[in-house]
Amino acid sequence: MGFEIVREIPHPKVILEAMPVPMDLAVIKRKRDQEIKTVFTRESGKFVLIIGPCSAHDEDAVCDYIGRLAKVQEDVKDKILIIPRIYTNKPRTTGIGYKGMAHQPNLAEEPNIVEGIKAIRKMHLRALKESYLPAADEMLYPGNYPYLEDVLSYVAVGARSVENQAHRLTCSGLDIPVGMKNPTSGDIDVTLNSIQAAQAPHTFSYNRWEVKTPGNPLTHAVLRGAVDPHGVNVPNYHYEDLIWFAELYQKRGLANATMIVDTNHANSNKKYAEQPRIAMEVMQSRQHSSLLKDMIRGFMIESFIEEGSQKVTENTYGKSITDPCLGWKDSEKLIRDLAAMV
């Protein structure tokens, strides 16, 4: 076999015991989880915003950014629940390139998974301590979820992972909202099948154990646009797209049928500055349809301190090293504008 054993990764219990969530923060997180849950169960009319950098590569900049979010959250708390994006794994289409802090905690050094796991947990704990806002992360590797299970309030399954059975079954055991993105092909049936699978109970193999799960009724859809066979980005946030999907979604009879719209990726053609316009269009669409007003419950937005993106070697503070992001000034304005429309 062509595998070289590099180092053993500690069991999640070892990491969690060495880096525990303080009791006061655990109480805050439980309360926040309940608030977020009520948006998906229709007990609350608030909106959720999963917002933050494409990938979290710099702890200081990420925590600085989330501290800014926390101040805005206080101002819009009656209308919006902010869930910071702390995305520590980065899916790569070809498998080549920066794969996230969990893989490479120090950009100047070789990958180190053990130190990466410690680094991402440390960052999540610091962000929670400083902001009181538990975060979202992407589930790229289902087996890694236990290392962050007590600090996350939202999980996203990406367009390249949504068809994977291990992701679907793992999400059936989570008790927080899980957003299933449509695949890059745009095949909506894949999204709905994934939601249905995660909402059902299962027995399967997970991290060397046979486990049973009850199903996760908080699993829902995230629309992020598609890419056609010619490589052209095809958005799915326009009114006609949303109505078509909402009606198909409704026919499935799934629990808590909810749509989150991703304002970047194929929906914006990766033109990050288009995100506010896209969000405003979706909010207008909600006003023209009671079905959309009921089902569209939030946005995913890529945002950081500095707008755009940079090469890994540039080292500009607060600027994405992966997909380009909306800058802070425009992000704050967008959050306040959305709050005025909820």
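Rule-based calculations on the coordinates, nothing more; no lab input. In this text the structure is predicted, and so the values were computed from the model without any measurement. Neighbour counts are summed over all protein chains in view; Cβ atoms, including those assigned to glycine, are modelled from backbone coordinates with ideal geometry.
What the table shows:
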| item | result |
| --- | --- |
| Residue order, fewest to most beta carbons within 10 Å, for Glu306, Glu247 | Glu247, Glu306 |
| DSSP beta bridge pairing in the chain, given as percent antiparallel to the nearest 5 | 20 percent |
| C-alpha center-to-center spacing [segment 86-143, segment 176-247] in angstrom | 23 Å |
| Rg followed by Dmax, in Å, when segment 116-260 is reduced to its Cα trace | 16.0, 46 |
| Cα Rg, Dmax (largest Cα-Cα span) when computed across segment 25-67, Å | 13.4, 36 |
| DSSP beta bridges in segment 177-261 [antiparallel fraction, %, rounded to 5] | 50 percent |
| Nearest-0.05 FRET efficiency for Lys329 and Ala166, computed from C-beta distance (R0 30 Å) | 0.15 |
| Simple spin-label estimate for Glu210 and Asn106 in nanometres, 7 Å along Cα-Cβ | 4.4 nm |
| Centre separation in Å (Cα based) which lies between segment 310-326 and segment 265-294 | 25 Å |
| Relative contact order (%) - segment 1-145, alpha-carbon pairs under 8 angstrom, separation at least six | 26 percent |
| Mean residue ellipticity (222 nm) of the chain, computed from DSSP H runs ≥ 4 via -39,500 (n - 2.57), nearest 500 | -12000 deg cm²/dmol |
| Order of Thr322, Thr41, Thr258 under a 10 Å beta carbon neighbour criterion, fewest first | Thr41, Thr322, Thr258 |
| Relative packing of 111-119, 203-211, which averages over residues the other C-beta atoms within 10 Å, highest first | 111-119, 203-211 |
| Spatially proximal aspartates and glutamates relative to Lys122 (Cα-Cα < 13 Å; intrachain offsets below 8 disregarded) | Glu17, Asp58, Glu59, Asp60, Glu130, Asp150 |
| Charge dipole (the chain, unit charges on Cβ, about Cα centre) - positive-most of Leu133, Tyr87, Ile120 | Leu133 |
| Relative contact order (percent, whole number), the chain, Cα cutoff 8 Å, 6+ residue spacing | 16 percent |
| For the chain: span of alpha carbons on each principal axis (Å, largest first) | 56, 49, 46 |
| Where Cα atoms sit under 18 Å apart: lysine pairs in segment 270-322 separated by 8 or more or lying on different chains | 5 |
| Zero-based 10 Å bins, Cα pair distances in segment 184-342, whole percents | 10, 32, 31, 21, 7 |
| Neighbour net charge for Val222 - beta-carbon separation under 12 angstrom, K R +1, D E -1 | +1 |
